[in-house]
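> First the structure, then my questions, so here it is.
The values are calculated or read from the model by the stated rules, or taken from the named source; none is laboratory data. This structure is a prediction, so every number in the text was calculated from the model and none was measured. Because the Cβ atoms are built from the backbone with ideal geometry, glycine has one as well, and the counts that use them run over all protein chains shown.
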Amino acid sequence: MKTLQDYIDKLNSLNFKEMYNNDFFWTWDKTDDELEAVFTVADALRFMRENNISTKVFESGLGISIFRDNSTRTRFSFASACNLLGLEVQDLDEKKSQIAHGETVRETANMVSFMADVIGIRDDMYIGKGHAYQKEFMEAVTEGNKDGILEQRPTLVNLQCDVDHPTQCMADMLHIIHEFGGVENLKGKKIAMTWAYSPSYGKPLSVPQGVIGLMTRFGMDVVLAHPEGYDVMPEVEEIAKKNAEKNGGSFTKTNDMAEAFKDADIVYPKSWAPFAAMEKRTDLYAEGDFDGIDKLEKELLAQNAEHKDWACTEELMKTTKDGKALYLHCLPADITGVSCETGEVDASVFDRYRIPLYKEASFKPYIIAAMIMLSKFENHFANQTVRFQVQLEAGGYFSAQKFSSLQPQQAGRVGANSQVLNQIFQIRLQKRLLGFAKTRYSAHKLCRLRILTDAE
């Protein structure tokens, strides 16, 4: 798409009304149109930022982040997404909160949600706990809104739980869409989601589960490969099977990494812990059995060490489609000879794909921002427009004062700069895009916030 009107037209063809005032837990809870809407808004926001068009649709408000596990990319992506839209970010550090003194989830949820528009939660360490915590938290803010404690109900973006990692997998998918030239080119493409050796243990299952749960939505041939005993949740496998049947692709499993890589268009070698072991780990923590946890860790590290040959090597990459499969990773990768002695991927492979990997990661802030917008705004890009015709100054950024002084259909020179471009641009102010939740916007803001440009 080359203009914002292209994105608007695309959105107007989709049904995503149920996303308004709703949470984003798992990708498989969303319709095809809703997923497409996220991709479209993400691309539109990126287009706007690249063209120096303001994307700040919030005049005030908070984005609350709760990271119950360490994070770099997702933490900064959430902060970037909130900033992109005009929200302030407040990170809840549980170690510095009253949670350590026994504060309940219900109390915490209500106390941190004053003036909050969105809550981002990462809780991925314990099977059966992460998603449950997110649900409990959002049930508490829902009740808080009904009881009049909160003037509005914040919505959730799942920044990773024990089941799915939707922001990562949606960013991965958007990267794939761009690399292959559109969704229409993905049918029949083979993607290998494979386990790979890591010298650490306990890595979440949510990425491989998110990948097989999402990629099977696009008619792709999805292969899940892992050594025996490294199974993911069986219920997510069932979702992948149903998706493949519905969308004309396939979902298969193998215990042979070489088989998965053969003729693959895309490879995603990533370590994760066995599902059964993660369940046991959760139970041990619940029991406070730290000796048992230490014992389990040693067992799992020894089990991992039996599969050091499960690595993304140059030799395996040569067996992929034309020897040029797209290499994906959620990062950080365990790079052999760099970050560890033996790891998930050869250093030469990683270095060759470093730029595409960073591009892959760069989609996440826009994906998160799109999820926020679709949950907080109704009828984002309606057909109704207010049109202004102006000449675009060199530099490209219009001030609120300039736009507030313009009249509909007014054409003329803006500013006296001799460098003013000759090309006339049509400015579309999307009124409905700005109609958030009974509205918190002034007319002045309406003139500044959503100036959508496309060249005539």
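> Among the residues of segment 244-260, is there at least one that is surrounded by 14 or more Cβ atoms within 10 Å (Cβ to Cβ), under 17 Å from Thr27 (Cβ atoms) and not small (Gly, Ala, Ser)?
Yes: segment 244-260 contains one or more residues that are surrounded by 14 or more Cβ atoms within 10 Å (Cβ to Cβ), under 17 Å from Thr27 (Cβ atoms) and not small (Gly, Ala, Ser).
> Go over the candidates Lys146, Lys129 one by one and state the one that is among the basic types (Lys, Arg) and in contact (Cβ under 8 Å) with a residue 12 or more places away in the chain.
On the way: Lys146 fails: in contact (Cβ under 8 Å) with a residue 12 or more places away in the chain.
Among Lys146, Lys129, only Lys129 is among the basic types (Lys, Arg) and in contact (Cβ under 8 Å) with a residue 12 or more places away in the chain.
> May I ask you to verify whether Asn15 is touching a residue at least 12 places away in the same chain (Cβ under 8 Å) and surrounded by fewer than 15 Cβ atoms within 10 Å (Cβ to Cβ)?
Numbers: touching a residue at least 12 places away in the same chain (Cβ under 8 Å): yes; surrounded by fewer than 15 Cβ atoms within 10 Å (Cβ to Cβ): yes.
Criteria met by Asn15.
> Pull out all pairs, ordered by first then second residue, where Cβ-Cβ is under 8 Å, the residues are six or more apart or on different chains, the first lies in segment 41-62 and is over 21 Å from Met19 (Cβ atoms), and the second is among the basic types (Lys, Arg) and at pLDDT below 90.
Ser54/Arg448; Ser54/Arg450; Glu59/Arg440; Glu59/Lys445; Ser60/Arg440
> OK, next. Within segment 132-143, how many residues are in contact (Cβ under 8 Å) with a residue 24 or more places away in the chain and among the hydroxyl-bearing types (Ser, Thr, Tyr)?
1
> Within segment 208-236, restricting attention to residues that are farther than 15 Å from Thr27 by Cβ and among the charged types (D, E, K, R), which residue is nearest to the chain's Cα centre (by Cα)?
Filtering segment 208-236 for residues that are farther than 15 Å from Thr27 by Cβ and among the charged types (D, E, K, R), the one nearest to the chain's Cα centre (by Cα) comes out as Asp221.
> Moving on. Looking at this structure, is Asp32 modelled with pLDDT of 95 or more, over 14 Å from the mean Cα position of the chain (by Cα) and more than 19 Å from Gln160 (Cα to Cα)? Give the steps one after another, and end with the answer.
On the way: modelled with pLDDT of 95 or more: yes; over 14 Å from the mean Cα position of the chain (by Cα): yes; more than 19 Å from Gln160 (Cα to Cα): yes.
Spelling it out, Asp32 is indeed modelled with pLDDT of 95 or more, over 14 Å from the mean Cα position of the chain (by Cα) and more than 19 Å from Gln160 (Cα to Cα).
> On the given criteria, is Met48 aliphatic (A, V, I, L, M) and at pLDDT 95 or above? Steps first, please.
Values: aliphatic (A, V, I, L, M): yes; at pLDDT 95 or above: no.
No, not satisfied.
> Which pairs have Cβ atoms under 7 Å, sit 6 or more apart or on different chains, and link a residue in segment 198-212 that is of a type in the set (D, E, K, R) to one that is at pLDDT 95 or above?
Lys203/Ser271; Lys203/Trp272
> Can you name the residue in segment 103-128 that is out of contact with any Asp or Glu (no Cβ under 6 Å at 6 or more places or on another chain), outside any strand (DSSP E or B) and within 20 Å of Asp283 (Cα to Cα) and, of all such residues, is modelled with the lowest pLDDT?
Checking each candidate, the answer is Tyr126.
> Related question: Could you give me the residue pairs with C-beta distances under 6 Å whose first residue belongs to segment 331-358 and is under 23 Å from Pro204 (Cβ atoms) and acidic (Asp, Glu), whose second residue is in a strand (DSSP E or B) and modelled with pLDDT of 95 or more wherever it lies, and which are 6+ apart or on separate chains?
Pairs that qualify, where the first residue is under 23 Å from Pro204 (Cβ atoms) and acidic (Asp, Glu) and the partner is in a strand (DSSP E or B) and modelled with pLDDT of 95 or more, are Asp334/Cys340; Glu344/Pro269.
> Give the number of residues within segment 168-187 that are under 17 Å from Ala244 (Cα atoms) and outside any helix (DSSP H, G or I).
Within segment 168-187, residues that are under 17 Å from Ala244 (Cα atoms) and outside any helix (DSSP H, G or I) number 2.
> Does any residue of segment 172-183 turn out to be of a type in the set (D, E, K, R), touching a residue at least 40 places away in the same chain (Cβ under 8 Å), closer than 19 Å to Tyr358 by Cα and touching a helix residue (DSSP H, G or I) at 6+ places or on another chain (Cβ under 8 Å)? Steps first, answer last, please.
Keep residues of segment 172-183 that are of a type in the set (D, E, K, R), which gives 172, 179.
Retained after the next criterion (residues that are touching a residue at least 40 places away in the same chain (Cβ under 8 Å)): 172, 179.
From what's left, closer than 19 Å to Tyr358 by Cα: 172, 179.
Filter once more, keeping what is touching a helix residue (DSSP H, G or I) at 6+ places or on another chain (Cβ under 8 Å): 172, 179.
Yes: one or more hits.
> Output the residues belonging to segment 323-352 that are surrounded by fewer than 20 Cβ atoms within 10 Å (Cβ to Cβ) and assigned to a loop (DSSP other than H, G, I, E, B).
Once the filter is applied, which keeps residues that are surrounded by fewer than 20 Cβ atoms within 10 Å (Cβ to Cβ) and assigned to a loop (DSSP other than H, G, I, E, B), segment 323-352 yields Lys324, Leu331, Pro332, Gly337, Val338, Ser339, Glu341, Thr342.
> Okay, next question. Could you please find all residues in segment 301-321 being free of Cβ contacts under 8 Å to residues at least 24 places away in the same chain and within 13 Å of Phe261 (Cβ to Cβ)?
Glu315, Lys318 - these are the residues of segment 301-321 that are free of Cβ contacts under 8 Å to residues at least 24 places away in the same chain and within 13 Å of Phe261 (Cβ to Cβ).
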